[in-house]
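Down below is the structure, laid out as structure tokens.
Computed from the coordinates by the stated procedures, all read-outs in this text should not be read as laboratory data. Please read these numbers as outputs of a predicted model, since none were measured by experiment.
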Amino acid sequence: MTEKLKNTASLNRAAISLSRKKLGEILIERKLITPQELDEVLETQHREGGRLGEILVKKGLVRLDELLDVLSGQFNVPLTDLKTRQIHTQCLSLIPEDLARKATIFPLEIEDDTLMVAMAFPDDLRTIRDITTRTGKKVQAVLASPADIHNAIDLYYRASQEIEQSLQKLAIPASFKDESDLELTAETPVAQSLYLILQQAVRDRASDVHIEP
């Protein structure tokens, strides 16, 4: 890792450490839970493991939108809605699907030397360092719900793989007798690939689709 990236990672770590106020304290200050409820949840966490926020939502003590709002302020990262956000699919090649699933992250866009990544746990500094090492880019974290991130992984990585697999099946004959030999049907790899490309374009809210040989 270059000295510049090391310094960036150190600054990110320091910023999170300084701004970190315990989640339970913030929730009590906002009167979203009581001290007694926090004690009960902490007992559950100690007994069963898991993250405090997830346990609170599961028990119905805090709504997911309330938790995300608190976490956004706690870690000083913006909140994003992956269901309505435009996704730059060229970012998918930077982060493998297994890492995205394991760390609950999703790459969103690249701007200059910065990769924007949606994270369910923006305090996961190990994953941030891993991404920086893999890509050579600074990481700008934004917060998203775990469910939305996993849905995006299912949707976009699968579509990308299907397009690639379909394109690999294409076989253009060296010669053909007439135009009927190239008749396009819904069952051909060409038609299936075109459908997947257009489907992805709709998801990305693209205004144009350009296909080059």
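Please list the non-local residues whose amide H lies under 5 Å from the amide H of residue 143, H modeled 1.01 Å from N, same-chain partners needing a gap of 5 or more.
79, 80, 119
Calculate one ³J(HN,Hα) per residue across the range 136-152 by plugging θ = phi - 60° into the Karplus curve 6.51 cos²θ - 1.76 cosθ + 1.60, and present them in order as whole Hz with x for glycine and proline.
x, 10, 6, 10, 9, 8, 10, 9, 9, 6, x, 5, 5, 5, 5, 5, 5
If you plug each phi of the range 54-71 into the Karplus form 6.51 cos²θ - 1.76 cosθ + 1.60 with θ = phi - 60°, what whole-Hz ³J(HN,Hα) values come out, in order, with x for Gly and Pro?
Couplings: 5, 5, 4, 5, 4, 7, x, 7, 9, 6, 4, 5, 5, 4, 4, 5, 5, 5 Hz.
What do you get for Rg/Rh over the range 89-146 if you use C-alpha atoms and the Kirkwood form of Rh?
For the range 89-146, the value is 0.90.
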